[in-house]
1. Taking every pair of alpha-carbon atoms in the stretch 336-440, give the share separated by more than 15 Å as a whole percent.
2. Normalised by the number of residues in the chain, what is the relative contact order in percent for Cα pairs under 8 Å and 6+ residues apart?
3. Mean separation of Cα pairs under 8 Å and 6+ residues apart, divided by the residue count of the stretch 125-265: what relative contact order is that in percent?
4. Can you give the calculated 222 nm mean residue ellipticity of the chain, where each DSSP H run of n ≥ 4 adds -39,500 (n - 2.57) and the sum is split over every residue, rounded to the nearest 500 deg cm²/dmol?
5. Under the rule of at least 5 residues apart or a separate chain, name every residue whose amide H is placed under 5 Å from the amide H of Ile172.
6. Roughly what % of DSSP beta bridges within the chain run antiparallel, to the nearest 5?
7. What Kirkwood hydrodynamic radius do you get for the stretch 114-273 when you take the inverse of the mean 1/r over all pairs of distinct Cα atoms, in Å?
8. Using only Cα atoms and rounding to the nearest 10 degrees, what angle (0 to 90) does helix 63-92 make with the longest principal axis of the chain?
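Each reported figure results from applying straightforward, stated rules to the coordinates on display, with no laboratory input. Everything numeric here is computed off the predicted structure, so don't read it as measured data. A quick note on method: Cβ atoms are made from the backbone with ideal geometry, for glycine too, and the neighbour counts reach across all protein chains shown.
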Amino acid sequence: MTHEAVTGAAGLTAEELTGGPLVVSSPIDGNELGRVAVHAEADVAAVVARSQAAFRQWRSVPAPRRGEFVRQLGEALRARKSALAELVSAECGKIRQEGLGEVQEMIDICDFAVGLSRQLYGLTLPSERPGHAMRELWHPMGTCGVITAFNFPVAVWSWNAALAFVCGNPVIWKPSEKTPLTALAVQKIVDEVATGFADAPEHLNQLLIGDAGVGAALVNHRDVPIISATGSTAMGRKVGPVVAGRFGRTILELGGNNGMIVAPSAELDLALRAIVFSAVGTAGQRCTSLRRIIVHEHVYESLLEQLKRVYADLSVGSPLEDGVLVGPLIDRQAFEAMQQALERAREEGGAVTGGERLLADAYPDGYYVRPAIVEMPAQTDVVMTETFAPILYCLKYASFDEALALHNAVPQGLSSCVFTTDVREAETFVSAVGSDCGIANVNIGPSGAEIGGAFGGEKETGGGRESGSDAWKAYMRRQTVTINYSDELPLAQGINFEV
Ligand code: NAD
């Protein structure tokens with residue numbers, strides 16, 4: 001399928017794909033996919049004003065009816081699944097299976113949100129005063145600004161938007177400047193569903209296409225009470241204080257440095273498969289990608305030998321070809337960052353296998369690499385840093401306490417796992433003294449979370465939670481209500497205040 005066919009199948013018109021200043025290239029071969037229009041920072045105020053108007057209508061639509069809108073959105077996504085997935089692959093370089101998986105996540109979160117729309121429960125609480133009733137209500141909060149990264153160009157929007165919509169909020173979406181086409185395609189689907197849905201206001205979901213500057217203008221705007229920002233820790237370091245400074249709320253989903261402990265009792269076959277999927281899937285460009293393995297000294301040599309064998313045979317190539325498991329890096333900058341990290345790892349005592357550029361003749365403007373295995377003598381600076389590429393650092397341990405200490409010593413805290421059949425180690429890993437991450441798995445790799453759980457991490461990962469469980473509460477404001485149905489006016493704490 002040509003790039004033109006892909007963009008056409010996703011519903012983008014020739015007009016949308018030409019004439020703008022933002023050049024979008026496919027990481028598959030560097031070919032231009034389109035030139036799209038961008039917003040200026042000065043446009044943000046008008047976009048926010050339109051969103052506020054949408055909010056005034058949407059907040060009064062009953063939540064289950066808002067859920068019905070999201071149900072229809074999920075149906076529309078089901079109908080477009082393969083075309084949208086193909087565009088995801090073309091624009092961000094994911095293999096077909098992962099592109100399809102990404103759109104499936106959008107569908108799953110819509111299903112989740114439909115049920116949620118009838119479960120935005122508050123509590124009833126016993127009042128200490130006679131003839132009084134106390135309860136908690138959850139109300140829509142207002143515009144939710146959603147800033148997304150290139151590597152999940154559509155799913156992250158949906159984790160936020162599906163919840164925001166059922167919670168009564170409109171959305172302003174600032175996608176990565178590297179992946180605006182998938183965002184334009186999704187906006188079309190939302191618009192189409194909204195047009196046929198009488199209760200949906202205009203501008204329920206709006207796009208802001210552009211770079212960090214337009215994102216910063218959104219972050220700065222005092223009429224955007226929620227900013228959900230997904231991207232690097234460097235971005236979160238800028239966004240967090242700005243939103244805090246105006247007393248807004250952030251949901252920060254930032255970088256990870258995800259580890260796996262492989263214990264001597266582990267089923268090495270399972271561990272091996274989990275390592276390969278988590279470390280090389282999406283070419284190491286997932287926030288939950290496996291970046292460190294901490295392996296017991298008794299099984300280290302045999303695991304590394306098998307791992308090197310599998311890595312040597314990995315099929316690297318165009319993500320649109322069947323059988324390929326590793327697609328390209330997003331761009332030249334990502335390739336250079338990978339090479340610099342490998343150079344630094346060598347300087348810090350690491351032994352590197354792989355990491356070289358592949359297929360340069362077939363794709364001079366595509367950046368394909370053999371995923372790298374780096375055996376490190378210690379957890380040095382480069383290991384503590386997230387490099388968004390398929391580099392797997394390998395460390396050895398002797399005692400489980402040592403493994404846990406190494407595991408938790410990095411500044412990031414997104415996803416983690418242990419492979420063990422020892423119940424003490426498994427339970428310790430998920431206990432208060434175990435992994436310090438937002439996600440902790442036993443005998444499962446760190447990537448590929450389900451939408452039913454709350455997703456996010458601690459420390460430099462930002463502390464935000466999105467998607468399932470009670471993550472919806474971050475999109476609403478809590479109101480504590482006390483009603484006096486007596487003919488007295490007793491004060492709390494028994495205070496006597498006679499006038
Ligand atoms: P990035 O930080 O370069 O950009 C992310 C988004 O932030 C883009 O839309 C960008 O335009 C915007 N942005 C950058 N600076 C901004 C500012 N000052 N104000 C407002 N917006 C700004 O990240 P990327 O390269 O697109 O994605 C890779 C990074 O994202 C990795 O660090 C990865 O771990 C992280 N990530 C985290 C999660 C998670 O859920 N924790 C998910 C996906 C990606």
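1. Values: 3692 of 5460 pairs.
When all Cα pairs of the stretch 336-440 are counted, 68 percent exceed 15 Å.
2. Numbers: 1083 pairs, mean separation 88.6, N = 499.
With pairs under 8 Å counted, the relative contact order is 18 percent.
3. Value for the stretch 125-265: 24 percent.
4. Roughly -12000 deg cm²/dmol at 222 nm, from the helical runs in the chain.
5. Cys144, Gly145, Val146, Gln206
6. For the chain, the DSSP antiparallel bridge percentage is about 40.
7. The Cα-based Kirkwood calculation yields 18.2 Å.
8. So the inclination is approximately 20 degrees.
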